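Enquirer: First the structure, then my questions, so here it is.
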Amino acid sequence: MEMQLRLLDKKYYGDFKNDVKNIFKIAVIEEFGNISDSEVISDREIEESLYDPNAKVYYIYSSGWKVGGTVLNINQQTKHNSLDLLYIYPDCHGKGLGTSAWKQIENTYPQTRVWELVTPYFEKRNIHFYVNKCGFHIVEFFCKYHPAKQFQGNPAEFKEDYFRFQKVMDFSLTCKNN
């Protein structure tokens, strides 16, 4: 299976945003049942990722078929990069496409020293994927007792219970940073 990342033109950001909202909503409904019309992820949150100056936005293709998308935040100076958003269409789950997509991301950015991401505590499939398939480690748990820095000043913005993951690619950094 040939995996490709294709940079997305900004004129398709609306479609990308709709994909993210619809797919993230499916995961919440699977876990908690019908959630009425409440937003799982806001337009603002998605747009912050899409329009960040370091953002690289891709659709993911397998053998010529679009199977998902991703937003990466690439810091050329520090080489500490983040996976802001990643989705695979639900009808493509369980076929190894997410793992192949992640390997393609790593191959596309081989200079990366550390990858980071966050995901909600209830996303067991995501946690399994990132830890057991991609080699990430959980390095921090955010909750009401330990809010992320960006939410410490505004508790109303706090989102309940999620993990921060890291994957250290340059192991010489582990001794320097700890």
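The values are calculated or read from the model by the stated rules, or taken from the named source; none is laboratory data. Keep in mind it's a predicted model, so treat the numbers as computed, not measured. With ideal geometry, Cβ positions are generated from the backbone for all residues, glycine too; neighbour counts draw on all protein chains shown. What goes into the accessible areas is simple: the full protein's heavy atoms, side chains included, and nothing from ligands, DNA or RNA. Shrake-Rupley method; radii C 1.70, N 1.55, O 1.52, S 1.80 Å.
Enquirer: Just checking, how many residues over the range 97-121 are open to solvent by 50 Å² or more (accessible area, probe 1.4 Å) and in a helix (DSSP H, G or I)?
Expert: 4
Enquirer: What is the residue count in the range 40-66 for residues that are in contact with a Phe, Trp or Tyr (Cβ under 6 Å, 6 or more places away or on another chain) and open to solvent by less than 60 Å² (accessible area, probe 1.4 Å)?
Expert: 3
Enquirer: Go over the candidates LYS21, LYS66 one by one and state the one that is in contact (Cβ under 8 Å) with a residue 24 or more places away in the chain and within 16 Å of LEU86 (Cα to Cα).
Expert: Step by step, each of LYS21, LYS66 is checked, and only LYS21 is in contact (Cβ under 8 Å) with a residue 24 or more places away in the chain and within 16 Å of LEU86 (Cα to Cα).
Enquirer: Among the residues that make up the range 123-146, is at least one of them farther than 22 Å from TYR162 by Cα and surrounded by fewer than 13 Cβ atoms within 10 Å (Cβ to Cβ)? Write out each step before concluding.
Expert: Just the residues of the range 123-146 that are farther than 22 Å from TYR162 by Cα, to begin with: none.
No, that holds for no residue.
Enquirer: Looking at ASP15, ASP84, which is the one that is open to solvent by 70 Å² or more (accessible area, probe 1.4 Å), among the charged types (D, E, K, R) and either at pLDDT 95 or above or under 19 Å from GLN111 (Cα atoms) (or both)?
Expert: ASP15 is the lone residue from the list that is open to solvent by 70 Å² or more (accessible area, probe 1.4 Å), among the charged types (D, E, K, R) and either at pLDDT 95 or above or under 19 Å from GLN111 (Cα atoms) (or both).
Enquirer: For LYS103, are the conditions met, namely being without any contact (Cβ under 8 Å) to a residue 60 or more places away in the chain and of a type in the set (D, E, K, R)?
Expert: Here the answer is no, as LYS103 does not meet what is asked.
Enquirer: Another one. Given (1) of a type in the set (Gly, Ala, Ser); (2) at positive phi; (3) in contact (Cβ under 8 Å) with a residue 12 or more places away in the chain, where does GLY98 come up short, assuming only one miss?
Expert: (2)
This table checks each residue for (1) at pLDDT 95 or above; (2) more than 16 Å from the chain's Cα centre (by Cα).
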residue	(1), (2)
LYS21	no, no
GLY33	no, yes
ASP37	no, yes
TYR61	yes, yes
GLY69	yes, no
ARG113	yes, yes
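Enquirer: Of all the residues that make up the range 30-39, how many are open to solvent by 70 Å² or more (accessible area, probe 1.4 Å) and of a type outside the set (Asp, Glu)?
Expert: 3
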